[in-house]
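Heads up, the thing below is written out as structure tokens.
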Amino acid sequence: MNNEMNVFQHCQELVRDIYDKLDASHDFQHIERVLQNAEAILQTESTANADIVRLAVLLHDVSDAKYAETKEAEQRILAQLSLTEEQRQQIQHIIEAVSFNGGNEIVAQTIEAKIVRDADRLDAIGAIGIARTFAYGGAKGRKLYDDAEEARTTMSVEDYRGKSTASVTHFYEKLLLLKDLMMTKKGQQMAEQRHQFMEQFLQQLANERQGK
């Protein structure tokens, strides 16, 4: 990739306006944290193309289905970057592979896709993951918790995106599952403590709700 830093900086400029308009769960700070996670994993994955990973991180949520009905932004920005067709296809596969989709995720075919998936999911768990869950739930007007609501163990993509479940339910439908879905050794290591913190939080929340 020619002028890698210039391409990265150009991409960063193009995506920032999009993320700055989203709620705090998917703003540019989220992208910065995912980049940080990706850099940590890249240190242990010497065969990965770091430039492709970084660009995919920048772009992975610009056309997120929670906020956009089409891939227009993703396609428009990719077309403006000095990339080969092969590089564009690599990045598009990574973006597609990142999505959880209610457990209906596609196979991550490359080490770059595995790194970006792990880096993004690490930002969905732990203290940051807790904060992001309630930030998104608040932005969408969701309940904090609903004792009458049962967490779904299987669902279609449409079910996953179409039903507005309480924020605590989301932990059981997705976030508590992510530790065991990490695809890199470093991602697995980083997920352990964050997962434990979520479990502690949920126990404390339950205790407080029960007046303990």
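The values are calculated or read from the model by the stated rules, or taken from the named source; none is laboratory data. None of the values given here were measured: they were computed from a predicted structure. Ideal geometry is used to build each Cβ from the backbone, glycine not excepted, and the neighbour counts take in all protein chains shown.
Brief remarks on what is shown
- So V157, is it β-branched (V, I, T) and closer than 16 Å to F100 by Cα: yes
- Any chance V116 is under 25 Å from E158 (Cβ atoms) and buried (at least 17 other Cβ atoms within 10 Å of the Cβ): yes
- Residue pairs meeting the criteria (Cβ under 9 Å; at least 6 apart or on separate chains; first over 22 Å from L58 (Cβ atoms), in the range 117-136; second hydroxyl-bearing (S, T, Y) and assigned to a helix (DSSP H, G or I)): T133/S167; F134/S167
- Among the residues of the range 172-195, the ones that are touching a Gly at 6+ places or on another chain (Cβ under 9 Å) and more than 21 Å from E39 (Cα to Cα) come to 4 in all.
- One residue stands out in the range 93-104 among those that are without any contact (Cβ under 8 Å) to a residue 60 or more places away in the chain and not in a helix (DSSP H, G or I): the one that is surrounded by the most Cβ atoms within 10 Å (Cβ to Cβ), namely S99.
Conditions (1) in contact with a helix residue (DSSP H, G or I) (Cβ under 8 Å, 6 or more places away or on another chain); (2) within 23 Å of Y136 (Cβ to Cβ), marked per residue:
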residue	(1), (2)
Y19	yes, yes
I31	yes, yes
L35	yes, yes
S46	no, no
D51	yes, no
L55	yes, no
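- Number of residues in the range 137-180 that are in contact with a Lys or Arg (Cβ under 8 Å, 6 or more places away or on another chain) and among the small types (G, A, S): the value is 4.
- When A56, A40, A108 are screened for being assigned to a helix (DSSP H, G or I), surrounded by 19 or more Cβ atoms within 10 Å (Cβ to Cβ) and of a type in the set (A, V, I, L, M, F, W, C), only A56 passes.
- Residue list for the range 141-171, restricted to those being farther than 23 Å from N104 by Cα and either under 15 Å from the mean Cα position of the chain (by Cα) or loosely packed, with under 15 Cβ neighbours inside 10 Å (or both): G141, K143, L144, D146, D147, A148
- Leading residue by the ranking (modelled with the lowest pLDDT) among those in the range 59-92 that are part of a loop (DSSP other than H, G, I, E, B) and either surrounded by 20 or more Cβ atoms within 10 Å (Cβ to Cβ) or basic (K, R) (or both): K66
- Contact annotation: residue pairs with Cβ atoms under 9 Å, 6 or more positions apart or on different chains, pairing a residue in the range 15-34 that is touching a residue at least 12 places away in the same chain (Cβ under 8 Å) and outside any helix (DSSP H, G or I) with a partner that is among the polar types (S, T, N, Q) and surrounded by 14 or more Cβ atoms within 10 Å (Cβ to Cβ), are S25/T133.
- Search result, residues across the range 138-163 that are outside any loop (DSSP other than H, G, I, E, B) and out of contact with any Gly (no Cβ under 7 Å at 6 or more places or on another chain): G138, A139, E158, R161, G162
- Residues of the range 175-212 satisfying the condition of being among the small types (G, A, S) and free of Cβ contacts under 8 Å to residues at least 40 places away in the same chain: A206, G211
- Selection count where residues are over 17 Å from M183 (Cα atoms) and part of a loop (DSSP other than H, G, I, E, B), scope the range 43-53: 0
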